[in-house]
Amino acid sequence: MKWDKMTLIAAGLLFVEVLAGVVWGIQRGLSSLFAKEILMITSYTQIGMVTSIFGITKSITNLGMGALSDRVGRKPIIVVGGIVSALGGMVIASADHFAGMLLGTALIGLGGGSTFVGIMVAMTEVIPSRIGLAMGLFQLAAYGGSTLGTSLAGYLAVSQGLRQPFTVLMVISAVGAVASFLFVPETGGLQEEGARPGKRVGVTFYVEKLWPMYFAGFSSKIMDSLVISFLPLYLTGLGMDIGRVTAVMSAFTLSWALLQPLTGHTSDRLGRKRIIVVGLAGSVISVVSFTLTGDFTILVACSLLLGVEAALFYTPLVAMVSDIAPSELEGTLIGSYRFFRDMGYFVGPLLLGVIADNMGLT
């Protein structure tokens, strides 16, 4: 396949991914505040359930849709994801009860899981010789969009209230669905032209080799769920307004997004393992640092540093999975990695919420 055609396909995929990232940024930036301020939820366990329901639906969808995309193609999975996310935004925007919040969040998880896994696998088929760079560009689009989404959500929440951002989420998801239907081609047929050859053996063989990556991804999402679910509440407890809270959250995703093409490309050249270990170890220290200060500037700096460390492990981990996966099982195995990784979104908030409630945190 010619590079100009590959570039156009990649650009289309990344545009849709930016839109999906904006949707994700709105959801992750405001869900806990929506539950507390609009629905008057005071239990940390219940607030944690919002992120958990997103995590469990997204992880199961990753597994199912990843495998399905090996059979029906990537494009249908991406289009369906945008439609379902739009429905989720509509449900949350009109929710008056906690059950409505959970339903809308579950739909956004289903839609996001479909879109993300479809585009991720498609990118490995468009740029099969530089998987780290392909994954870095994918993550840049996702987290760059998320940064925009969180910032937009903060602006809309301050000026128009906490419901309006979810109406915007609905519109952006619908635009993504239409754009992917009209402009994104099917990439499954590119495997014969550019994908790496692989020995045809059973899925179990590869799953056994991927267990260390599954565990590392799962652990990383426990950390991420802590930031998403409870950092906004911690910051409001320090007396910060929504604008400053979303600024701290945006700093995290901004540095994470911008550095992922670099860390992915570096892992293509220097190897994946050492970069992953440094990132995981450093992120533990950075999370603890948030509890040591109440200064806004220092908190933004801590958030930026945490994003740097997340970029060190996030892209190389999924690139390592793609290194191992043969082309005919790419969707299945990347979906399985995303399943175990995103299960951290389910376990983490529930566990952390129970701990917070038992410690009497308010």
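Rule-based calculations on the coordinates, nothing more; no lab input. Values in this document were obtained by computation on a predicted structure and should not be read as measured data. Note that we place each Cβ from the backbone using ideal geometry, even for glycine, and neighbour counts take in every protein chain shown.
I'd like the distance between the alpha-carbon centres of the stretch 233-247 and the stretch 117-188, rounded to an integer number of Å.
With the stretch 233-247 and the stretch 117-188 each reduced to a Cα centre, they are spaced 25 Å.
Report, in whole Å, the centroid distance computed from the Cα atoms of the stretch 324-345 and the stretch 1-33.
19
What is the spread of the Cα atoms of the stretch 219-362 along each of their three principal axes, largest first, in whole Å?
Extents along the principal axes: 51, 30, 24 Å.
Binning at 10 angstrom from zero up to the longest distance, how are the C-alpha pair distances of the stretch 3-354 distributed in percent?
Histogram of Cα-Cα distances, whole percents per bin: 6, 27, 37, 22, 7, 1.
Going by alpha carbons, how many degrees (0 to 90, nearest 10) lie between the helix axis of 164-183 and the longest principal axis of the chain?
It is inclined by approximately 10 degrees.
Test of understanding: in a Gaussian network model of the chain with alpha carbons linked when under 10 Å, which of 169, 262, 110 would top the mean-square fluctuation ranking?
Among 169, 262, 110, the largest GNM mean-square fluctuation belongs to 262.
Between residue 273 and residue 130, what is the FRET efficiency for a Förster distance of 22 Å, r being their Cβ-Cβ separation, to the nearest 0.05?
Values: r = 18 Å, r/R0 = 0.83.
The formula returns an efficiency of 0.75 here.
Working from Cα positions, state the angle (0 to 90°, nearest 10) between the long axis of helix 74-93 and the longest principal axis of the chain.
Around 10 degrees separate the two axes.
Can you pull the one-decimal nm distance between simple spin-label points at residue 5 and residue 203, each 7 Å off the Cα toward Cβ?
Simple spin-label model gives 3.1 nm for this pair.
Of the chain, which part is the longest with no trypsin sites (Lys or Arg not before Pro) in a loop (DSSP not H, G, I, E, B) and with at most 14 other C-beta atoms within 10 angstrom?
Details: sites that count: 2, 199, 200.
Here the longest run is 3-198.
Give me the number: length gained by fully extending residue 301 to residue 258, i.e. 0.36 nm times residue separation minus the C-alpha to C-alpha distance, one decimal in nm. Don't jump to the answer; show the numbers that get you there.
Details: separation 43, 0.36 × 43 = 15.48 nm, distance 1.53 nm.
Going from the current span to full extension adds 13.9 nm.
Can you compute the equivalent ellipsoid semi-axes for the stretch 1-143, i.e. the square root of 5 times each eigenvalue of the Cα gyration tensor, sorted largest first and rounded to whole Å? Show your work: numbers first, answer last.
Values: eigenvalues 200, 40, 30 Å².
With the √(5λ) rule applied to the stretch 1-143, the semi-axes are 32, 14, 12 Å.
Mind pulling the angle between the C-alpha long axis of helix 242-270 and the longest principal axis of the chain? Nearest 10 degrees, somewhere in 0 to 90.
20
Taking the stretch 271-313, which chymotrypsin sites (Phe, Trp or Tyr not before Pro) meet the DSSP loop condition and have no more than 15 other C-beta atoms within 10 Å? It would help to have the intermediate numbers written out before the result.
Working: sites: 290, 296, 313; in loops: none.
Here no loop site has a sparse enough neighbourhood.
Separation between the residue 292 and residue 358 pseudo-spin-labels, each 7 Å from Cα along Cα→Cβ, expressed in nm?
Placing both labels 7 Å beyond Cα along the Cβ direction yields 2.7 nm.
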